[in-house]
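Asker: Dropping the structure in here first, questions after.
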Amino acid sequence: MKIRELAQHWEENAKGRLTKTEYAIHLDVEAAARLAAIAEMYPKRSTEELLGELIGAALEELEASFPYIKGQQVIATDEEGDPLYEDVGPTPRFLTLSRRYLHDLSTSGDKPKH
């Protein structure tokens, strides 16, 4: 979900699956003020839900911002027959680690191993 889609999501009050793991963070004063404003605008959502969704959306946008770095290995061809090369940038590693941690969180009581 993109950051710009969060307000609509909050308006619809959808719920997602949450972990049992808690994270404590300190916000700078400006971010805390913005969070308080959002919490007042969307009172059906707890501050923790808002933070979780903001972080989730930011992580999706971060993943999308990773640069594609063309590798040596051809992994497929496009519809015109041109070669598509493996991505040797940060995206494949991020996706592999994300899948591993998702598996760990799903099978080991929500405690990430890092």
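Computed from the coordinates by the stated procedures, all read-outs in this text should not be read as laboratory data. The structure displayed is predicted, hence computed values, not measured ones. Note: ideal-geometry Cβ built from the backbone for every residue, glycine included; neighbour counts use all protein chains shown.
Asker: Rounded to two decimal places and with Rh computed the Kirkwood way over Cα pairs, what is Rg over Rh for the chain?
Answerer: With Rh from the inverse mean 1/r over Cα pairs, Rg/Rh is 1.08.
Asker: If you don't mind, there's one more thing I want to ask. P(r) for segment 67-113, please, calculated from all Cα pair distances in 5 Å bins and given in %.
Answerer: Bins of 5 Å from zero give 5, 21, 16, 16, 12, 11, 10, 6, 3, 1 percent of pairs.
Asker: Among Pro83, Thr47, Ala64, whose Cα sits farthest toward the positive end of the charge dipole of the chain (+1 at Cβ of Lys/Arg, -1 at Cβ of Asp/Glu, about the Cα centre)?
Answerer: Farthest along the dipole direction, towards plus: Thr47.
Asker: Quick check on packing: order 64-75, 81-92 by the mean number of other C-beta atoms within 10 Å, highest mean leading.
Answerer: Most protected by this proxy first, the peptides run 81-92, 64-75.
Asker: For the pair Asp78 and Ile3, what calculated FRET efficiency results from E = 1/(1 + (r/R0)^6), where r is the Cβ-Cβ distance and R0 = 35 Å, to the nearest 0.05?
Answerer: 0.70
Asker: Hey, rough spin-label estimate for Lys70 and Leu54, points 7 angstrom out along Cα→Cβ, what's it come to in nanometres?
Answerer: In this crude label model, Lys70 to Leu54 measures out at 4.0 nm.
Asker: Evaluate Rg over Rh across segment 34-90, taking Cα atoms for both radii and Kirkwood's formula for Rh.
Answerer: 1.34
Asker: Nothing charged except the Cβ atoms of Lys and Arg (+1) and of Asp and Glu (-1): what's the magnitude of the dipole of the chain about its Cα centre? Round to the nearest 20 debye.
Answerer: 580
Asker: Using R₀ = 35 Å, calculate the FRET efficiency as 1/(1 + (r/R₀)^6) where r is the Cβ-Cβ separation of Ser46 and Glu86; round to 0.05.
Answerer: 0.25
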